[in-house]
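Worksheet: one structure, shown below.
The values are calculated or read from the model by the stated rules, or taken from the named source; none is laboratory data. These numbers were taken from a predicted model, which means no experiment stands behind them. Here the Cβ positions follow ideal geometry from the backbone for every residue, glycine too, while neighbour counts run over all protein chains shown. The accessibility values were calculated without ligands, DNA or RNA, using every heavy atom of the protein model including side chains. Shrake-Rupley method; radii C 1.70, N 1.55, O 1.52, S 1.80 Å.
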Amino acid sequence: MLAKTQHYLKQANLIAGEWVVADSGDVLTVTNPATGLEIGKVPSAGKSETRRAIDAAAEAFETFSQTTANERAKILRNMHDAMLDNQDALAELLTMEQGKPLAEAKGEIAIGAAYLLWFAEEGRRVYGDLVPSPWADRRIMVRKEPVGVVAAITPWNFPSSMLARKIGPAIATGCTSVIKPASQTPYSGLAWGVLAEEAGLPAGVMNIVTGRASEIGGELTRNPKVKKLTFTGSTEVGKTLLKQAAGTVKKVSMELGGNAPFIIFNSADIDRAVEGAIAAKFRNSGQTCVCTNRFYVQSKVYNKFVDRLGEAAEALKVGPGLDAGTQQGPLIDEAAVEKVEELIGDAEKKGGRIVAGGKRHELGKTFYQPTVIADAKSRMRFAREEIFGPVAPVFKFTKEEDAVRLANDTEFGLACYFYTQDLGQAYRVMEGLKYGLVGINEGVITTPEAPFGGMKESGLGTEGGRHGVDEYLETKYICVGGLGL
Ligand code: NAP
């Protein structure tokens, strides 16, 4: 382990500027998914610690909300620089707890830093309005104000960058926060506390608690001092949190599950489509919310695409994320491998044809072979369920309208992709797809400059882009009357 990695590996929670253990002294053990070996232990906190963290954030809000956008931008820029200066250490920590290849972990740190820089700049452009008044003696102003204490709950698949999208706009707008990282990957979340302290963020502005999810989540969603909830995770947990947050009518942003379709039309550049397909399917071993869940390929290019995708999947180098050259790491735990096995078993029973992979990898335990299944059918479970693993089901279609209908036939609406060289088709299909993110001839499209968010049951609100700041602001209308004009 790099010496600097040890520096960022915190085994305590950050509340009101102090690194503390759980009141009970209980801990959670964190293991490396590639080896099953223990990395360390973090506090198993609950309601009382969360309440203190909320109190600290509410108190800090009184002063932090009065700082200037420039002061806050400077802190964000410091954090950005520290992330890039320590990219190797932060990436090592991320790979140790999450499993993804080191190159992907470095990419995650870099994009997290890029989000901070983006929000540092956007925070300085939080404009209000002067609205033309219908009255001669009154003036109308609109002002944007920080929403207040923000609760942020994040998943294990992007334990660093999912927080960057929340911490960035919170700090930029003058909000304070209480963060709960996922229990399987708490270290990348706790490292944000070190980055924040060293960048000059005042005590109490950012608080981090790890531990018992439903207790922490219960307090974060019911405590009236929390004014906004931002959640990234499964649709199921998102719905629970939405219900709980309704009691105090909190502002909410929800980044939830997906079931991304990837359509290849007859006119597509197949080389480009295979390259995009590998990135959109096998990145992070298929464990991203924007990972392709279903490939739909038009009949004339179906066999060619299936063969090429199978060859490319078999060529992926599987191994521990810290080993040089690894392109596909382990799954997060054995339960994830079992789910993949179930989905493949279901498909095989219903006529699915394994073209590549289809078995546990010889490395054992959490490693699974990158898999391609041809002759996929709508009755197979993965047509509806989020796979979250390295399995690429390939369906065949004939007509353009069928592809759009099948792609939309899901309660999810996060990311989708399609490949065509026909301009008219590109517009027709783009307009027909009910998804928040559309990649046309591109398989990886996330960037801080663009809004990221789902339609339907994939979520509410967006992160990133100029829109990502609005989610942290309240709008205040002021009417100034009696001007005697
Ligand atoms: P998850 O089970 O929903 O967990 C996400 C977070 O919620 C974790 O911190 C978890 O804590 C916490 N949590 C669980 N139950 C809770 C409760 N009752 N109250 C409060 N918090 C609770 O999701 P996951 O398995 O970690 O992540 C995978 C899911 O996230 C997938 O569905 C994926 O599509 C989605 N995702 C969406 C996006 C997006 O931007 N749309 C991005 C990434 C991932 P513990 O870890 O302690 O259980």
Item to check | Scope the range 450-472; condition within 24 Å of Gly174 (Cβ to Cβ), assigned to a strand (DSSP E or B) and either in contact with a helix residue (DSSP H, G or I) (Cβ under 6 Å, 6 or more places away or on another chain) or among the small types (Gly, Ala, Ser) (or both); matching residues | outcome: Glu463
Next on the checklist: Any residue at all in the range 192-199 that's farther than 27 Å from Thr475 by Cα, open to solvent by 10 Å² or more (accessible area, probe 1.4 Å) and assigned to a loop (DSSP other than H, G, I, E, B)?
Outcome noted: no
Checklist outcome for this item: Restricted to the range 452-470 and to residues being open to solvent by 20 Å² or more (accessible area, probe 1.4 Å) and more than 15 Å from the ligand (Cβ to nearest atom), the residue farthest from Glu400 (Cα to Cα) is Asp470
Checklist entry - Pick from the range 312-369 the residues that are over 24 Å from the mean Cα position of the chain (by Cα) and among the basic types (Lys, Arg): which of them is most open to solvent (accessible area, probe 1.4 Å)? => result Lys349
Checklist outcome for this item: Given (1) touching a residue at least 60 places away in the same chain (Cβ under 8 Å); (2) of a type in the set (S, T, N, Q); (3) more than 8 Å from the ligand (Cβ to nearest atom), Thr235 misses just (3)
Checklist entry - For the range 12-24, which residues satisfy the criterion of being of a type outside the set (A, V, I, L, M), within 23 Å of Leu201 (Cβ to Cβ) and open to solvent by less than 80 Å² (accessible area, probe 1.4 Å)? => result Asn13, Gly17, Trp19
Checklist entry - (1) among the small types (Gly, Ala, Ser); (2) touching a Ser or Thr at 6+ places or on another chain (Cβ under 7 Å); (3) open to solvent by 10 Å² or more (accessible area, probe 1.4 Å): which one isn't true of Ala392, the others all being true? => result (3)
Checklist entry - Is there a residue in the range 434-451 that is open to solvent by 60 Å² or more (accessible area, probe 1.4 Å) and more than 30 Å from Arg466 (Cβ to Cβ)? => result no
Item to check | Matching residues, the range 419-446, being touching a helix residue (DSSP H, G or I) at 6+ places or on another chain (Cβ under 8 Å) and in a helix (DSSP H, G or I) | outcome: Gln425, Arg428, Val429, Gly432
Item to check | Within the range 242-289, considering residues that are under 17 Å from the mean Cα position of the chain (by Cα) and over 24 Å from Phe418 (Cβ atoms), the one farthest from the ligand (Cβ to nearest atom) | outcome: Val252
Checklist entry - Which one of the conditions (1) touching a Pro at 6+ places or on another chain (Cβ under 6 Å); (2) under 19 Å from Asn266 (Cα atoms); (3) not acidic (Asp, Glu) does Phe397 fail to meet, given that it meets all the rest? => result (1)
Next on the checklist: On the basis of being surrounded by fewer than 23 Cβ atoms within 10 Å (Cβ to Cβ) and among the β-branched types (Val, Ile, Thr), does Val27 make the cut?
Outcome noted: yes
Next on the checklist: Can you list residue pairs whose Cβ atoms sit under 6 Å apart, with the first residue in the range 156-181 being in a strand (DSSP E or B) and within 9 Å of the ligand (Cβ to nearest atom) and the second being at pLDDT 95 or above and open to solvent by 10 Å² or more (accessible area, probe 1.4 Å)? Count only pairs 6 or more apart in sequence or on different chains.
Outcome noted: Lys180/Ile153
Checklist entry - Are any of the residues in the range 378-389 aromatic (Phe, Trp, Tyr), under 27 Å from the mean Cα position of the chain (by Cα) and not in a loop (DSSP other than H, G, I, E, B)? => result yes
Item to check | Residue that is most open to solvent (accessible area, probe 1.4 Å) [pool: residues in the range 122-151 that are out of contact with any helix residue (DSSP H, G or I) (no Cβ under 6 Å at 6 or more places or on another chain), in a strand (DSSP E or B) and hydrophobic (A, V, I, L, M, F, W, C)] | outcome: Leu130
Checklist entry - Regarding Val337, is this residue β-branched (Val, Ile, Thr), away from the ligand (no atom under 16 Å from the Cβ), more than 17 Å from Glu97 (Cβ to Cβ) and at pLDDT 95 or above? => result no
Next on the checklist: Condition first: aliphatic (A, V, I, L, M) and either assigned to a helix (DSSP H, G or I) or away from the ligand (no atom under 16 Å from the Cβ) (or both). Can you find one or more residues in the range 299-306 that meet it?
Outcome noted: yes
Item to check | Unmet requirement for Leu76, which otherwise passes all of (1) out of contact with any His (no Cβ under 6 Å at 6 or more places or on another chain); (2) hydrophobic (A, V, I, L, M, F, W, C); (3) open to solvent by 40 Å² or more (accessible area, probe 1.4 Å) | outcome: (3)
Next on the checklist: With the requirement that a residue be in contact with a helix residue (DSSP H, G or I) (Cβ under 8 Å, 6 or more places away or on another chain) and farther than 16 Å from Ala383 by Cβ, what does the range 276-297 give you?
Outcome noted: Ala277, Ile278, Phe282, Arg283, Asn284, Gln287, Val290
Item to check | Residues of the range 79-107 classified as open to solvent by less than 20 Å² (accessible area, probe 1.4 Å) and either more than 22 Å from the chain's Cα centre (by Cα) or basic (Lys, Arg) (or both), total | outcome: 1
Item to check | Single match in Glu104, Glu121 (criterion: away from the ligand (no atom under 16 Å from the Cβ) and not β-branched (Val, Ile, Thr)) | outcome: Glu121
